[in-house]
Amino acid sequence: MIITVNGKEFMAELANTKAAEEFSAMLPLRFEMEELNGNEKCRYLSKKLTTESSCPGRIEKGDIMLFGQSCLIVFYASFNTTSSYTRIGRITNPEGLEKAAGRWDADISFKNS
C-alpha cells in the first residue's frame, strides 16, 4: 500500500486482519485527517470494519490502527498505550513521517501498490 501524507509518499504493509482486508477493498481513499494528541491523525470512515481489538502496549511511529469500528488512525510518533486497537498495517519506512504530518490536520491518501 502507498500512503501519501501532505505530498510525501510512504510504503506500508497491511496486517493480516479482516479489518485490513476490508480497508484495502475500500481503496483508493483520500481525505483530510484530523490532528489529535500531538501523535496521530484520525478520520472516521463511512463504513464500519470488523474489529479484533487488543492493547498493543506500545504504539510505534507508522502504525495504522482502527479505534472502535470506524476511526482510522495513522500514528506519527511512538508512545506507550493502554488503549485497544485493531491493526490495519504499518508504514515500513516511517523516517520523515512526523515532519510530513505536521502539527495540523493533514491531507492523506491511501492506495494499493
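The values are calculated or read from the model by the stated rules, or taken from the named source; none is laboratory data. Model, not experiment: these values are computed from the prediction. Glycine also receives a Cβ, built like all others from the backbone with ideal geometry; neighbour counts cover every protein chain displayed. Calculation scope for accessible area: heavy atoms of the full protein, side chains included, ligands and nucleic acids excluded. Shrake-Rupley method; radii C 1.70, N 1.55, O 1.52, S 1.80 Å.
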(message) I want to confirm something. Restricting to region 1-42 and keeping residues that are farther than 16 Å from residue 90 by Cα and free of Cβ contacts under 8 Å to residues at least 40 places away in the same chain, which single residue is most open to solvent (accessible area, probe 1.4 Å)?
(response) 37
(request) Take region 43-59 and flag every residue that is open to solvent by 20 Å² or more (accessible area, probe 1.4 Å) and farther than 20 Å from residue 105 by Cα. (result) 47, 48, 50, 51, 52, 53, 54, 55, 56, 57, 58
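Residue 77 - would you say it is among the aliphatic types (A, V, I, L, M), within 12 Å of the chain's Cα centre (by Cα) and over 18 Å from residue 96 (Cβ atoms)?
Numbers: among the aliphatic types (A, V, I, L, M): yes; within 12 Å of the chain's Cα centre (by Cα): yes; over 18 Å from residue 96 (Cβ atoms): no.
No, not satisfied.
Just for region 1-25: of the residues that are among the hydrophobic types (A, V, I, L, M, F, W, C) and assigned to a loop (DSSP other than H, G, I, E, B), which one is farthest from residue 104 (Cα to Cα)?
The initial filter retains those residues of region 1-25 that are among the hydrophobic types (A, V, I, L, M, F, W, C), namely 1-3, 5, 10-12, 14-15, 19-20, 23, 25.
Right, trim to assigned to a loop (DSSP other than H, G, I, E, B) and you get 1, 15.
Values: 1: 24, 15: 27 Å.
So, considering only residues that are among the hydrophobic types (A, V, I, L, M, F, W, C) and assigned to a loop (DSSP other than H, G, I, E, B), the one farthest from residue 104 (Cα to Cα) is 15.
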(message) Out of the strands (runs of 3 or more DSSP E) lying entirely within region 26-113, which hold 2 or more residues that are among the aliphatic types (A, V, I, L, M) and over 21 Å from residue 16 (Cβ atoms)?
(response) 29-36, 106-111
(request) Could you please find all residues in region 60-84 being open to solvent by less than 50 Å² (accessible area, probe 1.4 Å) and of a type in the set (Val, Ile, Thr)? (result) 64, 73, 74, 81
(request) Considering only residues that are touching a residue at least 24 places away in the same chain (Cβ under 8 Å) and open to solvent by 50 Å² or more (accessible area, probe 1.4 Å), look in region 85-98 and name the one that is farthest from residue 14 (Cα to Cα). (result) 98
